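Below is one structure, written out as structure tokens; the observations come after it.
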Amino acid sequence: MMRAHLKTLAAALSGLLRDGEGYTLWLEAERSDFIRFNHGKVRQAGSVEQAYLDLRLIRGRRQATQQLSLSGGADDLALLETALPALREALEQVEDDPFLLLNEQAQSSERVAAAALPPAETMVADILAAADGHELVGILASGEISFGFANHLGQFNWQQGESWNFDWSLYSHGDKAVKRSRAGSAWDARALRADIAEAAEQLALLKLPLKTLEPGEYRAYFTPTALSGLLSMLNWGGLSEKELRAKRSPLLKLASGEARLSPRVALAEAGGEGLSPLFQGEGFIRPERVELIAGGEYRNSLIGPRSAREFGLEPNAGDDEYAESMQLAAGDLPRDEALRALGTGVYLSNLWYLNFSDRAACRITGMTRFACFWVEDGRIVAPLGVMRFDDSLLRLLGDELEALTVERELLVDAGSYGGRATQSKLLPGALVRSLRFSL
């Protein structure tokens, strides 16, 4: 319905323009169910249906934008007609934008995924059955998300699909819990049951006496979730062309050839396989795949339209120049053999409070969290006391990287401020020879 509505609004808006004016329309819409769980039961359920439209009016190199909340009805046209005079007045007040770059060659596209999710009631029933007898806490978000773009040149882009994300924990005692998440565009009750069963096994291990380690270097296995914490730091300017040119990128040494990662490392922005749209607010089509690191070497950065204008490049990303659909290539270590391969060391399921301790060296500090364990001879023997690590990602994914798992997990941002997030990562687990703990 919103697809046709956006086309109608775009056609009407074209008829309202004055000489020398142009526009872009950016639509984000969703119909989502949110179900919150506590004590293994449904505690709150609700649904959200919303559509927000960003109207940008352009004249020469000046631009002004207003966001409108759409009802989907005929009164939305009146909103556009009301917004236009205010935007024209704003254009009189703003300066020319020297880095404004808009797609001037109409590139229409459409990607609509067939509905593949069962009703939320079915998903809830599966979760409750799998969590029976456990202190499960979490939130399930599911439903359809749509993105649309249109401009005065006749370009029209549309993406629509269903997805779900279940962010949950099994609580043990005190501050002890096992935290997991699972997401996708197709419901997988069997995989979720297996996740909860495995988490329940780890709950029993959390009741063993704590193992406290002295600061130093230890072999370590990062689950995909723990590895996600580390790689999220690269979205803090590490993959950005602008940050690279400004010499602020934490991957500057890698980009310059001064450092090199393990040949096992192949990192890509795989928009064609993600949940985020393959077009962006200026009308450019994002490539289905951008190889960022291949064979351990820096290949490409993410280039937003403003950087493209400033440096004379082709844009391949949104304005923020971060990976929206990050993928790290799988390795050859079966997940079931990760503990055996680890031998004696630390098993890390979650990390938090991450920050750069030395951005130029891509050195990151953070804390262990939730179900992290001490492993001896391939067997979990004790929960790990909270530890702080401080190590360089160039080292961990460089000489210290021993293996990546065959299996990868899709991790979707559980954020829903303003709308459900679509940023995702598809990651394996990682085994490293040593991780440096400082506290």
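The values are calculated or read from the model by the stated rules, or taken from the named source; none is laboratory data. A quick note: this is a predicted structure, and the numbers were derived from the prediction, not measured. Using ideal geometry, Cβ is built from the backbone for each residue, glycine included, and neighbour counts are taken over all protein chains shown. Ligands, DNA and RNA are stripped out before the accessible areas are found, and what is left, the full protein with its side chains, is counted by its heavy atoms. Shrake-Rupley method; radii C 1.70, N 1.55, O 1.52, S 1.80 Å.
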*Pairs only if they're at least six apart or on different chains, beta carbon under 7 angstrom, first in the stretch 247-261 and without any contact (Cβ under 8 Å) to a residue 60 or more places away in the chain, second part of a helix (DSSP H, G or I); list them, first residue then second.*
249/243; 249/255; 255/244
*asked:* Please return the ranges of helices (runs of 4 or more DSSP H) entirely within the stretch 217-311 where 1 or more residues are more than 27 Å from residue 389 (Cβ to Cβ).
replied: 241-245, 305-311
*Pick from the stretch 65-76, criterion within 19 Å of residue 49 (Cα to Cα) and within 34 Å of the chain's Cα centre (by Cα), ranking: most open to solvent (accessible area, probe 1.4 Å)*: 67
*Yes or no: residue 60 over 18 Å from residue 149 (Cβ atoms), in contact (Cβ under 8 Å) with a residue 24 or more places away in the chain and open to solvent by 50 Å² or more (accessible area, probe 1.4 Å)?*
yes
*asked:* From the list 232, 228, 249, exactly one residue is among the small types (Gly, Ala, Ser), modelled with pLDDT of 95 or more, open to solvent by less than 10 Å² (accessible area, probe 1.4 Å) and under 20 Å from the mean Cα position of the chain (by Cα). Which is it?
replied: 249
*Considering only residues of the stretch 1-48 that are in a strand (DSSP E or B) and of a type in the set (Gly, Ala, Ser), which is farthest from the chain's Cα centre (by Cα)?*
22
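Yes/no matrix, rows are residues, columns are (1) free of Cβ contacts under 8 Å to residues at least 40 places away in the same chain; (2) aliphatic (A, V, I, L, M); (3) open to solvent by 40 Å² or more (accessible area, probe 1.4 Å); (4) out of contact with any helix residue (DSSP H, G or I) (no Cβ under 9 Å at 6 or more places or on another chain):
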position: 84; (1), (2), (3), (4): no, yes, no, no
position: 87; (1), (2), (3), (4): yes, yes, no, yes
position: 91; (1), (2), (3), (4): yes, yes, no, yes
position: 96; (1), (2), (3), (4): yes, no, yes, yes
position: 110; (1), (2), (3), (4): no, no, yes, no
position: 124; (1), (2), (3), (4): no, yes, no, yes
position: 128; (1), (2), (3), (4): no, yes, yes, yes
*Scan the stretch 345-370 and report the pairs whose first residue is farther than 15 Å from residue 206 by Cβ and of a type in the set (Asp, Glu) and whose second residue is surrounded by 18 or more Cβ atoms within 10 Å (Cβ to Cβ) and at pLDDT 95 or above, with Cβ atoms within less than 8 Å and a gap of 6+ or a chain change.*
358/392
_Residue match in the stretch 373-383 (condition: touching a Lys or Arg at 6+ places or on another chain (Cβ under 9 Å) and under 27 Å from residue 259 (Cβ atoms))_ = no
*Taking the stretch 34-46 as the region of interest, how many residues are touching a residue at least 24 places away in the same chain (Cβ under 8 Å) and surrounded by fewer than 13 Cβ atoms within 10 Å (Cβ to Cβ)?*
2
*From the list 384, 393, which one is buried (at least 20 other Cβ atoms within 10 Å of the Cβ) and under 28 Å from residue 280 (Cβ atoms)?*
393
